[in-house]
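The values are calculated or read from the model by the stated rules, or taken from the named source; none is laboratory data. Please read all numbers here as calculations on a predicted model, not as lab measurements. Glycine also receives a Cβ, built like all others from the backbone with ideal geometry; neighbour counts cover every protein chain displayed.
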Amino acid sequence: MRIDVVAAVPELLHSAIEYSIVGRAQQKGLVTIHLHNLHDFGLGKYRQIDDYPYGGGGGMVIRCEPVAAALDALLQEGQPDEIIFLSPEGDTWNQALANQFSLKRHLVLVCGHYKGIDQRVVDSYATRIISIGDYVLTGGEIAAAVLIDSVVRLLPGAIGDEGSALTDSFQDGLLAPPVYTRPEVWRGLRVPSELLSGNPRIVEEWRFQKALERTERKRSEGLKSKTEDTR
Ligand code: ADE
């Protein structure tokens with residue numbers, strides 16, 4: 001897989017893509033991630049990327065030209081599967097979308113900053129607009145990091161234990177059950193006996209029941225609907 005990110009502050013993504021599973025996935029050649037600084041496509045001597053909003057009001061708006069120039073340069077290299085703009089008004093990101101996007105070959109992510117991106121360039125290039133939740137971040141960079149992390153960990157070979165990503169929360173529409181490791185007793189608190197039984201059927205049944213309990217308790221509105229792509 002290839003992922004290109006166009007951002008006003010690409011530095012915000014450095015640690016998210018260089019370490020842990022995403023960093024190792026790059027080293028293993030499962031994914032290549034390219035960061036592109038919008039200022040490199042900025043206008044004039046000062047590489048301007050933003051301007052005042054028409055109609056007044058506070059904040060700055062990212063201009064069309066730098067975004068279009070960055071995307072046109074990428075499009076010269078080939079057609080990506082998706083050009084995704086990160087923005088609070090997009091479709092809410094979830095595990096079903098992460099699964100779907102993990103099957104793509106080439107994703108381009110465009111991060112807004114300040115008040116947002118001029119709508120004309122969004123309408124001209126976006127194949128998808130994604131939000132990571134109903135709150136406003138300073139920019140789309142952290143949202144892009146969330147998206148990349150959740151997609152890359154699903155690539156075959158990204159996680160050492162092949163089964164691990166499949167037992168994550170949401171993969172079966174349920175939250176994951178609680179987990180325990182050594183010591184067996186910590187401050188008088190014992191690891192549930194089912195996990196020490198050595199019987200895979202007992203372990204599996206216990207995990208399933210705990211996952212159900214957790215999901216009912218914490219996601220009473222029904223988690224199933226959240227794992228469906230509502231597009
Ligand atoms: N940019 C600012 N806030 C955002 C959000 N919640 N999701 C995606 N991109 C954003």
Exercise. Of 88, 80, which residue is within 16 Å of the ligand (Cβ to nearest atom), more than 12 Å from the chain's Cα centre (by Cα), of a type outside the set (A, V, I, L, M) and in the same structural domain as residue 26 (by TED's automatic domain parsing)?
Worked result: 88
Exercise. Is the range 1-22 home to any residue that is among the basic types (Lys, Arg) and in a strand (DSSP E or B)?
Worked result: yes
For this session: Determine the pairs where a residue that is farther than 14 Å from residue 101 by Cβ, located within the range 123-135, has a partner that is among the small types (Gly, Ala, Ser) and in a helix (DSSP H, G or I) with Cβ atoms under 9 Å apart, the partner being 6 or more residues away or on another chain.
Result: 124/68; 125/68; 131/143; 133/143
Seminar exercise, completed: Subset of the range 38-71, residues at positive phi and in contact with a helix residue (DSSP H, G or I) (Cβ under 7 Å, 6 or more places away or on another chain), comes to 47
Exercise. Quick one: is residue 158 within 24 Å of residue 93 (Cβ to Cβ), within 16 Å of the ligand (Cβ to nearest atom), in contact with a helix residue (DSSP H, G or I) (Cβ under 8 Å, 6 or more places away or on another chain) and in contact (Cβ under 8 Å) with a residue 40 or more places away in the chain?
Worked result: no
For this session: Would you check which residues across the range 120-134 are of a type outside the set (Val, Ile, Thr), over 14 Å from residue 70 (Cα atoms) and either surrounded by 21 or more Cβ atoms within 10 Å (Cβ to Cβ) or within 15 Å of the ligand (Cβ to nearest atom) (or both) and list them?
Result: 128, 131, 133, 134
